[in-house]
Amino acid sequence: MAATDHHRIVEAVWRIESARVIAGLTRFTRDVGLAEDLAQEALLAALVQWPQSGVPDNPGAWLTATAKRRAIDLFRHNAVARCKHEALARELDVLEQTSPDLDGALDNTIGDDLLRLVFIACHPVLPAESRAALTLRLLGGLTTEEIARAFLTPEPTIAQRIVRAKRTLADKHIPFELPHGPELATRLSSVLEVIYLIFNEGYSATSGDDLMRPSLCEDALRLGRILAELMPAESEVHGLVALMEIQASRTRARVTATGEAVLLLEQNRSQWDQLLIRRGLTAIQRARRIDANRGTYLLQAEIAACHARAHTPAETDWRRIVVLYTELAQVHPSPVIELNRAVAVSMADGPEAGLALVDALAGEPALARYHLLPSVRADLLYKLGRRSEARVEFERAAALTRNTRESSLLLARAASCEREPTDPQEK
């Protein structure tokens with residue numbers, strides 16, 4: 001087998017097994033930064049040894065064992081840290097001598113270890129962008145270069161975020177444990193927020209030349225599915241998974257062959273992925289069985305399901321969507337949610353009713369630089385025949401977005417206003 005083939009195999013194994021290896025090491029070292037360094041050393045050892053010895057039958061266990069031996073060596077020979085780690089080294093020695101299947105013993109607790117790693121990577125003590133980078137690094141198995149490319153951020157910036165995040169976790173002495181009681185809800189909210197942040201950056205890229213970055217959506221979905229397996233009794237976890245499954249089902253229909261954006265109501269629904277839709281609807285049912293009270297993600301998933309169930313745009317149950325957005329605004333008050341509700345009202349009761357709600361949001365500070373506010377207003381003005389006003393709003397929205405594809409779509413809509421009669425009285 002060629003060396004390049006071995007490298008591809010090692011990279012694939014790392015993407016699958018890295019979170020497991022790092023989680024197990026963090027349980028022993030109580031230092032997520034050190035655990036990742038040890039795991040990376042094991043990865044380098046695999047790149048050197050596997051082309052000569054062949055890929056082991058259980059490559060994940062090989063990486064774990066190699067990293068564990070390096071941890072023991074480090075604890076024994078690091079004079080500065082000897083006092084701190086002597087007990088751990090003895091404990092590992094005893095475990096190694098008394099357990100004929102150390103890797104099997106690690107597997108017994110790997111679920112808990114992964115869950116602890118999720119809660120550490122997404123700890124609210126870290127800034128949101130650092131949580132996202134660290135989560136993709138530790139749980140997604142992505143390199144710093146891959147994360148930087150995904151977020152269109154310079155690689156040194158991502159590297160600094162990851163280093164600072166690990167340093168903060170160490171300096172704050174964040175314990176490698178699962179939160180309990182009221183703290184669980186707060187910390188879980190942070191975890192879900194990070195996963196959805198990653199998904200959204202993939203689903204609607206905030207900047208760059210591409211509307212979507214599907215690989216980020218896939219990473220977020222994988223993380224969500226893992227979390228759903230680790231926390232099967234949490235309704236909102238299934239709600240988030242449902243939301244991502246259904247939104248991801250539209251991926252093929254959201255862009256043309258040349259990468260141009262396609263609006264939801266203009267998409268070819270035969271291109272929507274029915275398997276992902278079914279998975280999403282199943283996750284909604286799971287969430288409902290756990291808790292009759294719908295949370296933020298489950299409500300958004302229910303809204304997405306209304307679109308998924310409609311074979312044509314005309315079959316969309318807009319009145320139900322209005323009701324769901326009204327409930328969502330009560331659970332999680334937000335100007336963005338109110339803007340989305342205004343769109344739903346315009347579809348149910350007409351553009352004039354929607355425009356009145358949009359205009360009421362004009363003074364919201366949170367929407368001052370939000371390109372979708374003038375975009376929605378422009379669309380409603382266009383439908384009302386007020387084309388000259390619509391053109392101005394489309395151009396304003398295009399100036400606010402940093403995504404090239406979105407800007408092109410908005411400018412094209414602005415140009416369409418110029419080609420047609422403006423207000424009815426101007427005909």
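Can you find, within the stretch 254-278, the residue that is nearest to residue 220 (Cα to Cα) among those that are modelled with pLDDT under 95 and of a type in the set (A, V, I, L, M, F, W, C)?
255
Could you give me the residue pairs with C-beta distances under 6 Å whose first residue belongs to the stretch 15-36 and is at negative phi and not assigned by TED's automatic domain parsing to the domain that holds residue 140, whose second residue is among the aliphatic types (A, V, I, L, M) and not in a helix (DSSP H, G or I) wherever it lies, and which are 6+ apart or on separate chains?
Matching pairs, first to second residue: 19/139.
Output the qualifying pairs, or none if there are none: Cβ atoms under 6 angstrom, residues six or more apart or on different chains, first residue in the stretch 301-321 and under 18 Å from residue 247 (Cβ atoms), second residue of a type in the set (Asp, Glu) and assigned to a loop (DSSP other than H, G, I, E, B).
306/317
Counting only residues that are of a type in the set (S, T, N, Q) and touching a Leu at 6+ places or on another chain (Cβ under 7 Å), how many does the stretch 205-239 have?
2
Yes/no per residue for (1) without any contact (Cβ under 8 Å) to a residue 60 or more places away in the chain; (2) closer than 24 Å to residue 261 by Cα; (3) in contact with a helix residue (DSSP H, G or I) (Cβ under 6 Å, 6 or more places away or on another chain):
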{"site": "351", "(1), (2), (3)": "yes, yes, yes"}
{"site": "360", "(1), (2), (3)": "yes, no, no"}
{"site": "363", "(1), (2), (3)": "yes, no, no"}
{"site": "378", "(1), (2), (3)": "yes, yes, yes"}
{"site": "383", "(1), (2), (3)": "yes, yes, yes"}
{"site": "387", "(1), (2), (3)": "yes, yes, yes"}
{"site": "392", "(1), (2), (3)": "yes, yes, no"}
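Return yes or no: is residue 228 under 22 Å from residue 138 (Cα atoms), modelled with pLDDT of 85 or more and within 15 Å of the chain's Cα centre (by Cα)?
For residue 228, the condition - under 22 Å from residue 138 (Cα atoms), modelled with pLDDT of 85 or more and within 15 Å of the chain's Cα centre (by Cα) - is met.
Which condition number does residue 125 fail, the rest of (1) surrounded by fewer than 22 Cβ atoms within 10 Å (Cβ to Cβ); (2) aliphatic (A, V, I, L, M); (3) assigned to a helix (DSSP H, G or I); (4) in contact (Cβ under 8 Å) with a residue 12 or more places away in the chain being met?
Residue 125 satisfies every listed condition except (3).
What's the number of the condition residue 291 fails, among (1) modelled with pLDDT under 95; (2) on the phi > 0 side of the Ramachandran plot; (3) not hydrophobic (A, V, I, L, M, F, W, C)?
Of the numbered conditions (1) modelled with pLDDT under 95; (2) on the phi > 0 side of the Ramachandran plot; (3) not hydrophobic (A, V, I, L, M, F, W, C), the odd one out for residue 291 is (2).
Residue-wise test of (1) among the hydroxyl-bearing types (Ser, Thr, Tyr); (2) modelled with pLDDT of 85 or more.
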residue: 4; (1), (2): yes, no
residue: 14; (1), (2): no, no
residue: 21; (1), (2): no, yes
residue: 33; (1), (2): no, yes
residue: 45; (1), (2): no, yes
residue: 57; (1), (2): no, no
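Write out, first by first residue and then by second, each pair whose Cβ atoms fall under 7 Å of each other, whose residues are 6+ apart or on separate chains, and whose first residue, in the stretch 276-291, is of a type in the set (Asp, Glu) while the second is assigned to a helix (DSSP H, G or I).
The qualifying pairs are 291/235.
Pick out the one residue from 218, 236 that is assigned to a helix (DSSP H, G or I), of a type in the set (Asp, Glu) and crowded, with 19+ Cβ neighbours inside 10 Å.
236
Among the residues of the stretch 152-211, write down those that are surrounded by 14 or more Cβ atoms within 10 Å (Cβ to Cβ), free of Cβ contacts under 8 Å to residues at least 12 places away in the same chain and of a type in the set (Asp, Glu).
The answer is 155, and nothing else.
Looking at (1) under 22 Å from residue 305 (Cβ atoms); (2) charged (D, E, K, R); (3) outside the structural domain of residue 150 (by TED's automatic domain parsing); (4) touching a residue at least 60 places away in the same chain (Cβ under 8 Å), can you tell me which one residue 260 breaks?
Answer for residue 260: the failing condition is (1).
Kindly provide the set of residues from the stretch 364-390 that are aliphatic (A, V, I, L, M) and part of a helix (DSSP H, G or I), ordered by number.
If the condition is that a residue be aliphatic (A, V, I, L, M) and part of a helix (DSSP H, G or I), then 366, 367, 372, 373, 376, 378, 380, 381, 390 are the ones that fit.
Return yes or no: is residue 356 surrounded by fewer than 21 Cβ atoms within 10 Å (Cβ to Cβ) and modelled with pLDDT under 95?
No: the conditions fail for residue 356.
Could you tell me whether any residue of the stretch 311-318 is charged (D, E, K, R), under 21 Å from the mean Cα position of the chain (by Cα), over 14 Å from residue 237 (Cα atoms) and not in a loop (DSSP other than H, G, I, E, B)?
No, every residue in the stretch 311-318 fails to be charged (D, E, K, R), under 21 Å from the mean Cα position of the chain (by Cα), over 14 Å from residue 237 (Cα atoms) and not in a loop (DSSP other than H, G, I, E, B).
Which residues, taken from the stretch 369-387, are among the aromatic types (Phe, Trp, Tyr) and more than 13 Å from residue 340 (Cβ to Cβ)?
382
Residues that are within 15 Å of residue 199 (Cα to Cα) and under 19 Å from the mean Cα position of the chain (by Cα): does the stretch 287-297 have at least one?
Scanning the stretch 287-297, I find at least one residue that is within 15 Å of residue 199 (Cα to Cα) and under 19 Å from the mean Cα position of the chain (by Cα), so the answer is yes.
The values are calculated or read from the model by the stated rules, or taken from the named source; none is laboratory data. Remember, it's a predicted structure, so these values are computed and weren't measured experimentally. Quick reminder, even Gly has a Cβ in these numbers, built from the backbone with ideal geometry, and neighbours come from all protein chains shown.
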